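S.K.: Please read through the structure below; I'll follow up with questions.
The values are calculated or read from the model by the stated rules, or taken from the named source; none is laboratory data. Since the model is a prediction, treat every value here as computed from it, not as a measurement. With ideal geometry, Cβ positions are generated from the backbone for all residues, glycine too; neighbour counts draw on all protein chains shown.
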Amino acid sequence: MDILINGKKVKTRKGEHVLEVARREGFDIPSLCHHAALTPDGACRLCLVEVEGPEGKNKVTTACTLEVSQGLSVRLDTPEVAANRKVVLEMLLSRVSDSPTLLKLADKYGLLEMRLVPQGEKCVLCGLCARVCTELVGAKALTMEGRGTETYFQPPFGEPAKDCVGCGSCAFVCPVSCIEYKKTDKTIEIWGRNFERLACTECGEPLDLTPEHRDLIRRRTDLLTPAEMQLCGGCERRTTMKTMQRVVEGQQTLETARR
Amino acid sequence: MTKFTTPAQLTDHVAKAKATRDPNKIRVSVCAGTGCKASGADALIAAFQAELEARKLDVEVLSTGCHGFCERGPLVVLHPSGVLYQKVKPKDVADILEKTVQKGELLPRLQYRDENRQIFEKEHDVPFYKHQERIVFAMNGHIDPRSIDDYFSMGGYEALGKVVGQMKPDQVVEEVIASGLRGRGGAGFPAGWKWRFTRQAEGDRKYLICNADEGDPGAFMDRSVLEGNPHLVLEGMIIGAYACGASEGFIYVRNEYPMAVRHIELAIAKATELGLLGQHILGTDFCFNVHVNRGGGAFVCGEETALIASIEGRRGSPRVRPPFPAQKGLWGKPTNINNVETWANVPTIINRGAAWFASTGTGDVSKSPLGGSKGTKIFSLVGKVNNTGLVEVPMGITLRKIVFDIGGGIKDSKKGRTFKAVQTGGPSGGCIPDAFLDHPVDFDELAKLGSMMGSGGMIVMDDRTCMVEVARYFVDFLKEESCGKCTPCREGLRAMSEILNRLVRGQGRHADLDLLEDLGRTMKTASLCQLGQTAANPVLSTLRYFRHEYVEHVDHARCPAGQCIDLIEYRINEQCTGCTICAKKCPTGAITGQNKERHVLDQSKCVRCGVCFDVCNFNGVSILSGPELAGKAKE
Amino acid sequence: MRKIYLVLPEKCTGCRTCELSCAYSHQIEQQPGAPRIRAYNTKPPLEKGIPVVCFQCDRPACQEVCPTKALQRNLETGAISIDYDRCINCHACYAACPFGNIHIDPINTRVAKCDLCGGSPKCALFCPTGALSYK
């Protein structure tokens, strides 16, 4: 079905939300807690848009949770949207005053004055780390602890993450890069855990893989053995290359090469 | 008693129980609600039982739920005469039985007197009760909440028999819509519509929830309904389950209400025993089980999606709506969730008919339940009134009538205290000043005034209540209770708290007031759930009606109401008669003086507790604030 | 009819022009990315070679282990490609591919794979010997 964004008619599919649709069409809507692979959470409140209603009764709401519907018309940069978005940004900046991500957004959306007391926190409480870990990776190592401004996304009770596998997805998706993911030759450190960093069994190059993560990945398919997973890309390609070479030189048939 | 296996058996049983209830039997109804229990009701009941045993009188002592007049507890009402005794102690029991019950002599020392010392003999004459319309609370003073037989004898479960025996589920839904019943939990959304959505939603199983997480500070209406007449709520839920097609129900009660939990669990057990709950209710295909869930101490779990998350074992954080619980609620299934008081209204609507209910209250609900506010509402009337307690009043009654006729007017009005504002709707509501005292109380009228009905909290404030402090109190409460998920509520409340805490200490800045309004606007527009959306109401409504108080705090470090501790000083003035009461009561020994001579207050010892002001009967203590104080410079 | 990406290793000389064209056609802010095809020179000097590139498997291990459904088959080209809006960079695909055809792009430190350039593979376009073709 078609909806209107800033007066422009755009095509949508049932079940989509205005945020993805707008971005697909080239419109710019800021967000922190949105991720294409997660169900919308509506936590950060940055992606505000104005829905045009009957008799001029418009409503400001979050684009990530707004499902497309017949006759929907939204405006992205009305004075109401701009004013509220600026205050939300101001609130976020008061929490994490030195985040480059937030400062860039502040610049872009005209936030000039910081009237609130800086809190010196590092995390914007978008929740992406915990949601990714729970809903996608499946390790469920992180939780939303505490309440109100004393909320922390961390392993339960702030103790070293019992269920973490060291995949680093949380650090990757964090919009303000506040999760420490440290790799040394032999270890991967994150959330108070010190994981063994696996190395390629052929050449010894450190892999971005822990035994726990390897086991978790294996549970998603029956195609893999642990041995296969502990090889680096280079060595795997060389093996592949050698097999192909043998086929080319007639030393092996295509069928046997194909396992 | 054995299980009822047909609706007709239930109907017959109730008719018989009603008929055999002897209206002339002498009953001593002792309030054993939580408030009166705290004042010694248990000892009182034990004393009555002992005395009755000793005197071998044919009198029944009834331990009942909350009567409502909590200010004057422990309460005793004698039936059928209707004589009311207040603040009764075990040592009064002998007199009550010997003089009043046996000889008809009244005991003035136990009778209720109003501010003018006029005595009111009967319960229904006492102004506090006279102007109420007790429908939900009708049975509270007449039954033992632990007894299903008592409930039957007053017509309990008659509605259930009628519904299961004679009505189709759709009919029940239409009846509730036609009655105009709107949710009593705060939002005022038409209950019947919710039932209809749930009924029509697709799902292989449906759930019912009773929201008993009553979290507003000062609110205890739902508590008293659940404690005092649990079967009323249960019957409403069973009827609701029948109408919505639900097979499982959950009562989510705050853990801080142990008596309510006990009584409702007892009611569930008894109802199940008799075939009113469980499999094949009254011998039909209708099956419905009810479980009790206890909350973990979070105000936000009164919000329906957070409540649902809590039942599911997840963190009590609200989630975005749509989808609404009627479509996708508990465990993704269609769920109808209503407040305790809403459920408690259902049996009466079935018994007396939607037309009767729709004829009460305000407005016209023939086209839509939103056209008016029907029925009654229970308010917890607290604060600076003479008669605090629970009051049930018809929708459309004026605020003035509640505060002055029922509430008995402002406490200490003889000492000069005057009405200033009434706060309704708890932390989500606002303050209404005296200009609007003659406004009717209903959902839409209160919203127009910048407040809301909410769940029924009603806090009366006098001239010594600082409105900036009121705003600070509610903001600090909400700041602790905000779940923290969304930015505007979490950070907005933190920022507001920082500002208001500075204001009450006289450290305000000019830009603070505009900032409060700006923050409030975004909290209202952009918050995820209604906790955040209404969190700014206390601030915005006090700014709207009492801006001058804020300005005084900012510009002159002055608290006009004389409440903000950092900004006031107590002084003894020339009206002091030297009665020495204040010196005796002062906790720090800051007041000295001879008998019959004007006393002196040593500021260096004063902790500004206000006791001297409270106990003085001669207006001999003044409260100063602002520039008139020596040596109090604004930062 | 869907085109076929044909690899004829007999024709490969290991010149690595494919690698170059792949890297430059996947630039990020003017930095060439990691190539998603590797040509190994088996008989120097550039006499014989073997190109190793994603087989776009019928039953891709990478797709099966991806927790975000970021690896999807493009129905027009038949290639499995990474949707970076969904990818969480967990490297499961990298660990899973038995042939080493998931690469780690060092510039953005994110995973990358051959997606047939969305329908006009540059390696095939520039391969001088016809070892790689797309017809």
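S.K.: Taking the condition surrounded by fewer than 24 Cβ atoms within 10 Å (Cβ to Cβ) and within 10 Å of chain B (Cβ to nearest Cβ), does A:LEU66 pass?
M.R.: So A:LEU66 does not fit the description; no.
S.K.: A further question on this structure: Regarding the stretch C:70-93, can at least one residue be identified that is at pLDDT 95 or above, within 11 Å of chain A (Cβ to nearest Cβ) and closer than 25 Å to C:ILE50 by Cα?
M.R.: Within the stretch C:70-93, one or more residues are at pLDDT 95 or above, within 11 Å of chain A (Cβ to nearest Cβ) and closer than 25 Å to C:ILE50 by Cα.
S.K.: For the stretch C:22-34, state whether one or more residues are within 11 Å of chain A (Cβ to nearest Cβ), in contact with a helix residue (DSSP H, G or I) (Cβ under 9 Å, 6 or more places away or on another chain) and either of a type in the set (Asp, Glu) or farther than 15 Å from C:ALA131 by Cα (or both).
M.R.: Yes; the residues of the stretch C:22-34 include at least one that is within 11 Å of chain A (Cβ to nearest Cβ), in contact with a helix residue (DSSP H, G or I) (Cβ under 9 Å, 6 or more places away or on another chain) and either of a type in the set (Asp, Glu) or farther than 15 Å from C:ALA131 by Cα (or both).
S.K.: Ok, one more. Are any of the residues in the stretch A:40-50 farther than 21 Å from B:GLY492 by Cβ, in a loop (DSSP other than H, G, I, E, B) and either touching a Cys at 6+ places or on another chain (Cβ under 9 Å) or modelled with pLDDT under 95 (or both)?
M.R.: yes
S.K.: Filter the stretch C:56-72 down to residues that are touching a residue at least 12 places away in the same chain (Cβ under 8 Å) and of a type outside the set (A, V, I, L, M, F, W, C) and give me whichever is surrounded by the fewest Cβ atoms within 10 Å (Cβ to Cβ).
M.R.: C:LYS69
S.K.: Sticking with this one: Out of curiosity, is B:ASN345 in contact with a Cys (Cβ under 8 Å, 6 or more places away or on another chain) and either at pLDDT below 95 or not basic (Lys, Arg) (or both)?
M.R.: So B:ASN345 does not fit the description; no.
S.K.: When residues of the stretch A:17-38 are filtered for being surrounded by 13 or more Cβ atoms within 10 Å (Cβ to Cβ) and touching a helix residue (DSSP H, G or I) at 6+ places or on another chain (Cβ under 9 Å), how many remain?
M.R.: Residues that pass the stated criteria total 11.
S.K.: Exactly one of (1) under 23 Å from B:VAL391 (Cβ atoms); (2) crowded, with 16+ Cβ neighbours inside 10 Å is unmet by B:GLU121. Its number?
M.R.: Just one mismatch for B:GLU121, condition (2).
S.K.: Among the listed residues B:ASP518, B:ASP514, identify the single one that is charged (D, E, K, R), more than 7 Å from every other protein chain (Cβ to nearest Cβ) and without any contact (Cβ under 8 Å) to a residue 60 or more places away in the chain.
M.R.: Of the residues listed, the single one that is charged (D, E, K, R), more than 7 Å from every other protein chain (Cβ to nearest Cβ) and without any contact (Cβ under 8 Å) to a residue 60 or more places away in the chain is B:ASP514.
S.K.: Can you spot a residue in the stretch C:17-30 that is assigned to a loop (DSSP other than H, G, I, E, B) and of a type in the set (A, V, I, L, M)?
M.R.: No, that holds for no residue.
S.K.: May I pose another question? Could you pull out the residue among B:VAL93, B:VAL126, B:VAL136, B:VAL88 that is touching a Phe, Trp or Tyr at 6+ places or on another chain (Cβ under 6 Å), under 24 Å from B:VAL382 (Cα atoms) and outside the structural domain of B:GLY396 (by TED's automatic domain parsing)?
M.R.: B:VAL126
S.K.: Which one is farthest from B:GLY218 (Cα to Cα) among residues in the stretch B:37-55 that are touching a strand residue (DSSP E or B) at 6+ places or on another chain (Cβ under 8 Å) and surrounded by 20 or more Cβ atoms within 10 Å (Cβ to Cβ)?
M.R.: Filtering the stretch B:37-55 for residues that are touching a strand residue (DSSP E or B) at 6+ places or on another chain (Cβ under 8 Å) and surrounded by 20 or more Cβ atoms within 10 Å (Cβ to Cβ), the one farthest from B:GLY218 (Cα to Cα) comes out as B:PHE48.
Per-residue answers, yes or no, for (1) surrounded by fewer than 18 Cβ atoms within 10 Å (Cβ to Cβ); (2) within 12 Å of chain B (Cβ to nearest Cβ); (3) more than 22 Å from C:THR68 (Cβ to Cβ); (4) out of contact with any Pro (no Cβ under 9 Å at 6 or more places or on another chain):
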site: A:LEU105; (1), (2), (3), (4): no, no, yes, no
site: A:LEU116; (1), (2), (3), (4): no, yes, yes, yes
site: A:ALA130; (1), (2), (3), (4): no, yes, no, yes
site: A:MET144; (1), (2), (3), (4): no, yes, no, yes
site: A:THR151; (1), (2), (3), (4): no, yes, yes, yes
site: A:VAL176; (1), (2), (3), (4): no, no, no, no
site: A:THR184; (1), (2), (3), (4): yes, no, yes, no
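S.K.: Right, something else. For the stretch A:194-259, which helices (runs of 4 or more DSSP H) that fit wholly inside it have 1 or more residues that are closer than 16 Å to C:CYS97 by Cα and within 8 Å of another protein chain (Cβ to nearest Cβ)?
M.R.: Ranges flagged: A:211-218, A:226-229, A:233-248.
S.K.: With the condition being within 26 Å of B:GLU123 (Cα to Cα) and in contact with a helix residue (DSSP H, G or I) (Cβ under 9 Å, 6 or more places away or on another chain), I'd like the helices (runs of 4 or more DSSP H) fully within the stretch B:297-392 carrying at least 3 qualifying residues.
M.R.: B:340-352
S.K.: Let me ask something else. Take the residues in the stretch A:18-59 that are basic (Lys, Arg) and under 14 Å from A:ARG75 (Cβ atoms), then tell me which one is nearest to the chain's Cα centre (by Cα).
M.R.: Checking each candidate, the answer is A:LYS59.
S.K.: Within the stretch A:80-88, does at least one residue satisfy the condition of being within 23 Å of the chain's Cα centre (by Cα), closer than 25 Å to B:ASP512 by Cα, at the interface with chain B (Cβ under 10 Å from one of its Cβ atoms) and in a helix (DSSP H, G or I)?
M.R.: yes
S.K.: Quick check on my filter: what residues within the stretch B:568-602 are assigned to a helix (DSSP H, G or I) and surrounded by 13 or more Cβ atoms within 10 Å (Cβ to Cβ)?
M.R.: B:ILE581, B:CYS582, B:ALA583, B:LYS585
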